[in-house]
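Everything on this sheet refers to the single structure shown next.
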Amino acid sequence: MIKLYLAPMEELTGYVFRNTLAKHFGCVDKYFTPFISPDNRIMKTRSSREITPSNNEGLTVVPQLLTNDFELFNEGAGLIADFGYKEININFGCPSNTVAAKYKGSGILRSPELMERLLDGIFNGPGSVLNDHSDLHISVKTRVGFNDTSDFEKVTEILNRFPFSEIIVHPRLKKDLYNGSARMEMFDMACDRLKGNIVYNGDIYTAEDFINLTEKYGGKITAVMIGRGAVINPGIFRQIRTGKVTAKAELYDFLTDLFESYRNDCGAGNALAKMKEVWSYTTCLIEDEKTRRQVFKEIIKAKHESEYKDAILSAKDKLPMHIPPEM
């Protein structure tokens with residue numbers, strides 16, 4: 001059976017979101033954390049809360065590290081492994097300009113030499129985290145190039161030199177950000193060239209998208225990672241596994257519980273800010289564009305909890321009764 005993963009999305013798929021998703025819908029095989037930068041000494045920042053075991057009880061969670069320095073990676077990975085985590089993911093995919101400008105995330109794709117040096121230090125260096133944690137799995141999430149698809153041939157050559165447990169491929173370039181369609185011809189290349197377990201990530205918004213993808217690549221991939229589609233419809237994993245669609249009442253209960261969980265975790269003001277980000281995706285379910293804009297405008301305008309609750313109660317009336325398999 002092809003496994004289902006929740007993608008790492010900064011400010012969106014942290015431990016509060018994934019615990020609430022698991023409580024209401026479940027059916028996720030692995031939850032990947034938004035990237036953690038060991039450059040900032042993870043145990044002294046808010047990122048430490050992402051890996052605190054009590055925040056991830058009962059879930060299979062994979063911390064994702066963002067760095068181009070193998071010494072920092074090994075140090076951070078060691079701290080994480082000491083908590084009992086069995087897999088750590090390397091971020092070669094983040095398209096943020098501030099990240100990429102430092103040759104991190106997707107920025108490292110334009111420097112094969114730096115990428116190879118990083119990976120060699122992680123897998124083979126004298127300070128490798130694997131020396132003390134031989135059972136630790138290392139996976140990687142990558143894009144298919146920086147500005148040009150020709151980058152990917154060299155990237156695949158380098159990745160194949162190291163024993164990754166999984167290689168997650170988002171078939172877009174750094175310059176694409178999240179715009180346009182995924183470059184499926186590049187995913188074909190990934191399947192042809194890469195060794196080991198390949199995971200697909202990108203543009204899965206419905207159960208039908210998943211079916212279409214797996215009908216084509218079912219024998220070539222071991223898992224599918226879903227990000228934006230899971231924020232829009234947190235029941236998508238259950239729908240894929242069981243066929244049960246997400247009812248409007250279920251979605252509203254999830255969103256209500258998510259707000260309460262955020263409020264308990266970080267206060268009402270921060271909870272409002274986080275929920276406005278979530279609703280920027282949820283309102284995609286409203287078919288009429290004018291109505292969609294009006295609904296989101298009212299949510300964005302909310303400055304207090306009471307105003308927010310009034311706005312989302314009104315939004316509930318505009319959402320479809322069931323989230324359809326096609327959008």
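The values are calculated or read from the model by the stated rules, or taken from the named source; none is laboratory data. On a predicted model such as this, the values are computed, not experimentally measured, just so you know. Heads up, the Cβs are rebuilt from the backbone with ideal geometry, glycines too, and the neighbour counts pull from every protein chain shown.
Some points to look at:
- Of all residues making up region 245-264, the number that are among the basic types (Lys, Arg) and either modelled with pLDDT under 95 or under 15 Å from Thr283 (Cβ atoms) (or both): 1
- Looking only at residues in region 222-238 that are more than 16 Å from Cys284 (Cβ to Cβ), surrounded by 22 or more Cβ atoms within 10 Å (Cβ to Cβ) and not basic (Lys, Arg), the one that is farthest from the chain's Cα centre (by Cα) is Phe237.
- Yes/no for Gly218 being touching a residue at least 40 places away in the same chain (Cβ under 8 Å), of a type in the set (Gly, Ala, Ser) and over 23 Å from Thr33 (Cα atoms): yes
- The residues of region 43-83 that are over 19 Å from the mean Cα position of the chain (by Cα), within 20 Å of Leu130 (Cβ to Cβ) and in a helix (DSSP H, G or I), listed by number, are Phe70, Glu71, Leu72, Phe73, Asn74, Glu75, Gly76, Gly78, Leu79, Ala81, Asp82.
- Just so you know, in region 272-290 the residues that are hydrophobic (A, V, I, L, M, F, W, C) and under 22 Å from the mean Cα position of the chain (by Cα) include one that is surrounded by the fewest Cβ atoms within 10 Å (Cβ to Cβ), and it is Ala273.
- Which listed residue is in contact with a helix residue (DSSP H, G or I) (Cβ under 6 Å, 6 or more places away or on another chain) and without any contact (Cβ under 8 Å) to a residue 60 or more places away in the chain, from Val295, Val231, Val245: Val295
- The helices (runs of 4 or more DSSP H) located wholly in region 130-235 that include 1 or more residues which are over 23 Å from Val62 (Cβ atoms) and β-branched (Val, Ile, Thr) occupy 207-217.
- Considering the conditions (1) closer than 28 Å to Pro171 by Cβ; (2) touching a Leu at 6+ places or on another chain (Cβ under 9 Å); (3) of a type in the set (S, T, N, Q); (4) modelled with pLDDT of 95 or more, Ser37 is excluded by exactly one of them, (4).
- The conditions of being hydrophobic (A, V, I, L, M, F, W, C) and either within 30 Å of Lys244 (Cα to Cα) or buried (at least 19 other Cβ atoms within 10 Å of the Cβ) (or both) are met by Leu159.
- Among residues of region 244-266, those that are assigned to a helix (DSSP H, G or I) and of a type in the set (Val, Ile, Thr), counted: 1
- Counting only residues that are part of a helix (DSSP H, G or I) and either free of Cβ contacts under 8 Å to residues at least 40 places away in the same chain or on the phi > 0 side of the Ramachandran plot (or both), region 267-292 holds 15 of them.
- Residue under evaluation Leu12, criteria (1) crowded, with 21+ Cβ neighbours inside 10 Å; (2) closer than 28 Å to Leu109 by Cβ, criterion not met: (1)
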